[in-house]
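What follows is a single structure, written as structure tokens, with notes after it.
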Amino acid sequence: MSTEFHHISVMPEETVNGLITDLSGTYVDCTLGGAGHSGRIAARLNADGRLIGIDQDEAAIAAASERLAGCNCRVDIVRDNFSNLDNILKAQEVQAVDGILFDLGVSSYQLDTASRGFSYMQDAPLDMRMNQQAEFSAYDIINGYSMEELCRIFKEYGEERWYKRIAQFIIDARKNGPVETTGELVDIIKKAVPAAVRNSKGGHPAKRIFQAVRIEVNDELGILEKSFRSAVRHLKPGGRIAIITFHSLEDRIAKNVLKEMASGCICPPSLPVCVCNHKPEIKLLVKAAVASKSELESNSRAKSAKLRIAVKL
């Protein structure tokens, strides 16, 4: 399975160059994937350096283990969710690290593996679990959520204009039996979205709905703020955090958390004097960098990516 894992890391050199400050340091890749970024980090570290890679996908763990075998530095791979970063580092007997990376979103491998159910371009069972040991899947959402719950995730996580209509079509379709495959879901969405919209150049009509369902299945947004703050707490002074986002919802969270942690006073503007005594914890180094033109030519999935890097004060 590991040899089949294919994923092109976004802005790899910019990310690694901005993250590494000590070749003997300890670095954490919270989204290990196929070790695209981690491979570059490990290649730069010396024998005293250490890389801790975290992922919940068994295919990613297998691929990364193979790719990182024989590295000069120490490598520890943990199968877990980065929302458990505090416990992971405690188990690894690590208190402070030199750099932490988050490369968010779904990997090319997950999208391209039809059986995982992430793609609206391939027919497969409704799944979308990044952690294949989890019980909750896209099937449970599409067949179990109420009209109100479907509307909520389609609107909030998909920013879908036709969220009510699509939700109603799903509810109606369920009356004839469960919706079991991505192909069935795509057909329902296409019927719900007006023809004029489907035929426009706004992209596939199912794109936003699949994004919303995937986010809900994996609680992608719910864990971000806590995880970013936890990561900064575990950085040494001078240590760096790098975050790569792929859609506006996760990028907004990254932007707002880093902005707040880099700010001094966070009192409401209406207060005449500061009462919060808030001190900056980090300094922003890179604000929403995007992929180069040459990278976009070879990797179209880098189009929506944004890179943010901050250093702990």
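The values are calculated or read from the model by the stated rules, or taken from the named source; none is laboratory data. What you see is a predicted model; the values in this text were computed from it and never measured. Neighbour counts are summed over all protein chains in view; Cβ atoms, including those assigned to glycine, are modelled from backbone coordinates with ideal geometry.
Of (1) at pLDDT 95 or above; (2) over 18 Å from ALA305 (Cα atoms); (3) assigned to a helix (DSSP H, G or I); (4) among the charged types (D, E, K, R), LYS236 satisfies all except one. Which?
(3)
I'm trying to understand the selection: among the residues of the range 119-159, which are among the small types (Gly, Ala, Ser), in a helix (DSSP H, G or I) and surrounded by fewer than 15 Cβ atoms within 10 Å (Cβ to Cβ)?
Here is the first cut: in the range 119-159, the ones among the small types (Gly, Ala, Ser) are 119, 124, 134, 137-138, 144, 146, 158.
Among the residues that remain, those that are also in a helix (DSSP H, G or I) are: 138, 144.
Hit for the range 119-159 is GLY144, nothing else.
Any residue in the range 143-150 that is under 27 Å from ILE54 (Cβ atoms) and not basic (Lys, Arg)?
Scanning the range 143-150, I find no residue that is under 27 Å from ILE54 (Cβ atoms) and not basic (Lys, Arg), so the answer is no.
Looking at the range 1-111, what strands (runs of 3 or more DSSP E) fall wholly within it and have at least 2 residues that are β-branched (Val, Ile, Thr), on the phi > 0 side of the Ramachandran plot and crowded, with 21+ Cβ neighbours inside 10 Å? Walk me through how you get there before you give the answer.
Numbers: elements: 26-29, 50-55, 74-79, 97-103.
Ranges flagged: none.
Assess whether VAL75 counts as being in contact (Cβ under 8 Å) with a residue 40 or more places away in the chain, assigned by TED's automatic domain parsing to the domain that holds VAL290 and not aromatic (Phe, Trp, Tyr). Reasoning before the result, please.
Working: in contact (Cβ under 8 Å) with a residue 40 or more places away in the chain: no; assigned by TED's automatic domain parsing to the domain that holds VAL290: yes; not aromatic (Phe, Trp, Tyr): yes.
For VAL75, the condition - in contact (Cβ under 8 Å) with a residue 40 or more places away in the chain, assigned by TED's automatic domain parsing to the domain that holds VAL290 and not aromatic (Phe, Trp, Tyr) - is not met.
Under 6 Å between Cβ atoms, which residue pairs at least 6 apart in sequence (or on different chains) link something in the range 50-62 that is closer than 10 Å to GLY34 by Cβ and in contact (Cβ under 8 Å) with a residue 60 or more places away in the chain with a partner that is surrounded by fewer than 24 Cβ atoms within 10 Å (Cβ to Cβ) and of a type outside the set (S, T, N, Q)?
ASP57/MET130; ALA62/MET1
Run down PHE228, PHE210 and say which single residue is among the hydrophobic types (A, V, I, L, M, F, W, C) and either under 25 Å from ILE309 (Cβ atoms) or in contact with a Lys or Arg (Cβ under 9 Å, 6 or more places away or on another chain) (or both). Spell out how you get there, then give the answer.
Working: PHE210 fails: either under 25 Å from ILE309 (Cβ atoms) or in contact with a Lys or Arg (Cβ under 9 Å, 6 or more places away or on another chain) (or both).
The conditions single out PHE228.
Based on what the data block shows, is VAL217 over 23 Å from the mean Cα position of the chain (by Cα), assigned to a helix (DSSP H, G or I) and not hydroxyl-bearing (Ser, Thr, Tyr)? Working first, answer last.
On the way: over 23 Å from the mean Cα position of the chain (by Cα): no; assigned to a helix (DSSP H, G or I): yes; not hydroxyl-bearing (Ser, Thr, Tyr): yes.
Against the criterion (over 23 Å from the mean Cα position of the chain (by Cα), assigned to a helix (DSSP H, G or I) and not hydroxyl-bearing (Ser, Thr, Tyr)), VAL217 does not qualify.
In the set ALA291, ALA310, ALA231, ALA242, which member is in a loop (DSSP other than H, G, I, E, B), closer than 21 Å to ASN17 by Cβ and in contact (Cβ under 8 Å) with a residue 60 or more places away in the chain? Steps first, answer last, please.
Working: ALA310 fails: in a loop (DSSP other than H, G, I, E, B); ALA231 fails: in a loop (DSSP other than H, G, I, E, B); ALA242 fails: in a loop (DSSP other than H, G, I, E, B).
When all the criteria are applied, what remains is ALA291.
Of the residues that make up the range 261-278, is at least one of a type in the set (S, T, N, Q) and exposed (fewer than 13 other Cβ atoms within 10 Å of the Cβ)?
Start the filter on the range 261-278 by keeping residues that are of a type in the set (S, T, N, Q), which leaves 263, 270, 277.
If we keep only those that are exposed (fewer than 13 other Cβ atoms within 10 Å of the Cβ) too, we end up with 270, 277.
Yes - at least one qualifying residue is present in the range 261-278.
Looking at the range 160-177, which of its residues are of a type outside the set (A, V, I, L, M, F, W, C) and either in contact (Cβ under 8 Å) with a residue 60 or more places away in the chain or surrounded by fewer than 21 Cβ atoms within 10 Å (Cβ to Cβ) (or both)? Let's see the steps before the verdict.
At the first step, the residues of the range 160-177 found to be of a type outside the set (A, V, I, L, M, F, W, C) are 160-161, 163-165, 168, 172, 174-177.
Correct list: ARG161, LYS164, ARG165, GLN168, ASP172, ARG174, LYS175, ASN176, GLY177.
Test each condition in (1) under 16 Å from the mean Cα position of the chain (by Cα); (2) surrounded by fewer than 19 Cβ atoms within 10 Å (Cβ to Cβ); (3) of a type in the set (D, E, K, R) for ASP251 and report the one that comes out false.
Condition (2) is where ASP251 drops out.
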